[in-house]
Amino acid sequence: MIFVLKMALGGIAAFVITYIFLKLLPGEMVLLGHDRGRKFAQGAEVNIGKPTGVGFYFVLVFLAVSGVLCFLISPVTTGKGIFESGNTMSGLGFGLLAVLAEMVTGWLDDRSKKPWNEYIKGALDFVVSLAGAFICVHFFGTRVYIAITGSYLDINPVLYYILAVILFVVSINATNATDGIDGLSGSLSIVAVITTFVMGTLAGSVFDDNPKFLVAAFVPALAAYLIFNFNPSKMMMGDAGSRSMGFFIAFFLILCRIPFLYFIVGLPFLCDGGISILKITVGRLTKRKIILFRSITTPLHDELRKNRKFSVKKVWVTLVLAASAVDLLYVIISIIVKAVLNG
């Protein structure tokens, strides 16, 4: 009962504090940028001038509340030194600092008068991803659970490190590319984190209460932001929000020891924003000799808006419901498989 009360109070605090910050936008003229519009993005002109980079507020609230819940209200004594391998509490702390670092890099771009060069942003993402992968391998180990069965395997540390870096980079950029429709990226992130926690619990790979506290802080903080971001939006999360959310989704998957679940929870990000990144990357590497998805406007939400004539709200409903249906189906199948395996 006390644990549930802690969760509830943490969630309420995350929601209320985020709502107040976003309602008042303290220090807006100093801390935030204003949307410049996105070249070639369908309907981007309606967002020009809106406050952007407000991920600065909800990410800080999420980190502060989760920090209080994990380290102050429910501390765990590991008996290990702060930098010692296997100290999951240290790994959690350093991981949240990495989320902060990713948020700061995005926020600095959001508030700059001129957009940063994409290669600079890519390099910064890569550096944070390298650090994030090291944190995960060093503190959490390399045992990976298969979410649908609960079985596990131990991966070579070098291979695991490389795969973790790839996961961070892909998740950061795919989540960022999805942030082009009011409410979409935030809603998909909530679905992804909740599904990850549910599957980690079913697989038996959630070993302590900290993932619960992270969910209790993350979901309400992001929900408060969505109040201001649903169509027609009043503000934008910017790179400060989308890039740090992408990093956190990857980190949370690894914390729950089910990183391969990204093929399920990350599927909407890969289908929406990921194909856009792939199309651009291949086009540049081949000097536009190879153009993938030539007949499709990317990201996918732009295809729905421009060519399929979907409204913003219809795009949101379509993609969020599709993501929720896929995740729910996977959870149901996993429950059935586990019941069969357990006799």
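The values are calculated or read from the model by the stated rules, or taken from the named source; none is laboratory data. These numbers come from a predicted model, not from an experiment. Note that each Cβ is placed from the backbone with ideal geometry, even for glycine, and that neighbours are counted across all protein chains shown.
Brief remarks on what is shown
- Set side by side, the residues ASP239, ASP182 differ, and just one is acidic (Asp, Glu) and part of a helix (DSSP H, G or I), which is ASP239.
- Residue within the range 130-151 that is in a loop (DSSP other than H, G, I, E, B), over 16 Å from ILE254 (Cβ atoms) and of a type in the set (Val, Ile, Thr) present: yes
- Annotation for the range 163-176: at least one member residue is in a helix (DSSP H, G or I) and either charged (D, E, K, R) or farther than 28 Å from ALA203 by Cα (or both).
- Among all positions in the range 166-179, there is no residue which is in contact (Cβ under 8 Å) with a residue 60 or more places away in the chain, surrounded by 19 or more Cβ atoms within 10 Å (Cβ to Cβ) and more than 15 Å from the chain's Cα centre (by Cα).
- The range 109-129, residues that are of a type outside the set (D, E, K, R), over 30 Å from GLY81 (Cα atoms) and either touching a residue at least 60 places away in the same chain (Cβ under 8 Å) or assigned to a helix (DSSP H, G or I) (or both): SER112, PRO115, TYR119, ILE120, GLY122, ALA123
- All conditions in (1) crowded, with 19+ Cβ neighbours inside 10 Å; (2) charged (D, E, K, R); (3) free of Cβ contacts under 8 Å to residues at least 40 places away in the same chain hold for ASP182, with the sole exception of (3).
- Residue in the range 152-159 that is touching a Phe, Trp or Tyr at 6+ places or on another chain (Cβ under 7 Å) and within 22 Å of GLY204 (Cα to Cα) present: yes
- Hey, VAL191 in contact with an Asp or Glu (Cβ under 7 Å, 6 or more places away or on another chain), in a helix (DSSP H, G or I) and surrounded by fewer than 22 Cβ atoms within 10 Å (Cβ to Cβ) or not: yes
- Residues in the range 230-241 that are buried (at least 24 other Cβ atoms within 10 Å of the Cβ) and more than 18 Å from PHE15 (Cα to Cα): GLY238, ASP239, ALA240.
- Among the residues of the range 250-302, those that are in contact (Cβ under 8 Å) with a residue 40 or more places away in the chain and outside any helix (DSSP H, G or I) comprise CYS256, ARG257, ILE258, GLY266, THR297, PRO299.
- Any chance ILE227 is surrounded by 24 or more Cβ atoms within 10 Å (Cβ to Cβ) and modelled with pLDDT of 95 or more: no
- Condition met for ASP154 (touching a residue at least 24 places away in the same chain (Cβ under 8 Å) and either under 14 Å from GLY246 (Cβ atoms) or more than 16 Å from the chain's Cα centre (by Cα) (or both)): no
Per-residue answers, yes or no, for (1) closer than 24 Å to ILE181 by Cβ; (2) touching a Gly at 6+ places or on another chain (Cβ under 8 Å):
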residue	(1), (2)
PHE247	yes, yes
PHE251	no, yes
CYS256	no, yes
PHE260	no, no
VAL265	yes, no
CYS271	yes, no
LEU285	no, no
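- SER276 vs. criteria farther than 30 Å from LEU130 by Cα, of a type in the set (Gly, Ala, Ser) and crowded, with 20+ Cβ neighbours inside 10 Å: no
- Criterion violated by THR201 - all others in (1) over 30 Å from GLY53 (Cα atoms); (2) polar (S, T, N, Q); (3) part of a loop (DSSP other than H, G, I, E, B) satisfied: (3)
- Candidates VAL170, VAL158, VAL191, VAL137, filtered to the one that is under 20 Å from LEU92 (Cβ atoms) and at pLDDT 95 or above: VAL137
- Within the range 142-193, tally of residues that are of a type in the set (A, V, I, L, M), touching a Ser or Thr at 6+ places or on another chain (Cβ under 8 Å) and more than 16 Å from VAL99 (Cα to Cα): 7
- Sole residue being of a type outside the set (S, T, N, Q) and in contact with a strand residue (DSSP E or B) (Cβ under 8 Å, 6 or more places away or on another chain), chosen from MET235, MET245: MET235
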